[in-house]
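Derivation of every value follows stated rules applied to the coordinates shown; laboratory data play no part. Every value quoted in this text rests on a predicted model; they were computed, and no experiment measured them. Here Cβ is always computed from backbone atoms with ideal geometry, including for glycine, and neighbour counts include all displayed protein chains.
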Amino acid sequence: GIQVEQSPPDLILQEGANSTLRCNFSDSVNNLQWFHQNPWGQLINLFYIPSGTKQNGRLSATTVATERYSLLYISSSQTTDSGVYFCAGIRSNDYKLSFGAGTTVTVRA
Amino acid sequence: DAGVTQSPTHLIKTRGQQVTLRCSPKSGHDTVSWYQQALGQGPQFIFQYYEEEERQRGNFPDRFSGHQFPNYSSELNVNALLLGDSALYLCASTLAGDRYNEQFFGPGTRLTVL
């Protein structure tokens, strides 16, 4: 399968700060998703973004498909943004989502 | 709009036992995938079911098997449990029309093997 590299592995923020999470893929993907895993383990869909830019409130994401990477932006972070963020993708002729190891975000009040 | 549901929420078993986990897909979805997430890691693909057949399988031993029912719900069975099978098991559903469609996850079943 494809290799998915996420950076940084850990991020500590003060409330109100902005941050950028990055996801690199070893191969082209036709599906790219960002998730937030809550403390109970549920993966919450943030973005489905095989290419282009999307925004949802304080979160936005950009995928540059030709260069095989995606960025997740968190603006004006809040303590509720804490948790693990995963990116995942499906390459051509495949059905499975391949996940990165995640970025653990801690937002301090 | 009903989301993906899984049962049970938690499960404790002993080595050598067998376990069955259940998943109901999101309303309107017909494809179910299962993932295993060990502590501190990203989810790993186990297999995907569509039209009651296993369509793709990840790198998991034959002790892991599954089934999909005509109503699209699915079961994951694990035989001869090992300590290393302790993990969060996640079910995801999607529409089969496009293999690259967005996948949605259930809340997971946390399995502990003692």
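What the table shows:
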| read-out | value |
| --- | --- |
| Selection of GluC sites (Glu not before Pro), the range B:15-114, meeting DSSP coil and at most 13 other Cβ within 10 Å | B:GLU51, B:GLU52 |
| Partner aspartates and glutamates for B:LYS13 [C-alpha distance under 13 Å; skip if fewer than 8 residues away on the same chain] | B:ASP85 |
| Cα-based convex hull volume of the range B:5-105 per residue, rounded to whole Å³ | 98 Å³ |
| Electrostatic dipole magnitude of the range A:1-107 [Cβ: Lys, Arg +1; Asp, Glu -1; Cα centre; debye, to 20] | 200 debye |
| Value of relative contact order over chain A, rounded to a whole percent, pairs C-alpha under 8 Å and six or more apart | 38 percent |
| Unit charges at the beta carbon, dipole of the range B:5-105: most positive-side option, B:VAL19, B:THR5, B:ASN59 | B:VAL19 |
| The range B:5-105: relative contact order as a whole-number percent, Cα under 8 Å and 6+ apart | 33 percent |
| Residue-count net charge about A:LEU43 - beta-carbon cut-off 15 Å; Lys, Arg +1, Asp, Glu -1 | +2 |
| Amide H partners (placed H, <5 Å) of B:THR5, local residues excluded | B:SER24 |
| For the range A:7-78 versus the range B:47-76, the gap between their alpha-carbon centres in whole angstrom | 29 Å |
| In Hz, Karplus ³J(HN,Hα) per residue of the range A:29-42 (6.51, -1.76, 1.60; θ = phi - 60°; x = Gly, Pro) | 10, 9, 9, 9, 10, 10, 10, 10, 9, 7, x, 8, x, 6 |
| Residue of A:ASN45, A:ASN93, A:ASN31 that the Gaussian network model of chain A assigns the largest fluctuation, springs spanning Cα pairs under 10 Å | A:ASN93 |
| Leading residue at positive end of dipole, chain B (Cβ point charges), from B:SER86, B:GLN48, B:ASN101 | B:SER86 |
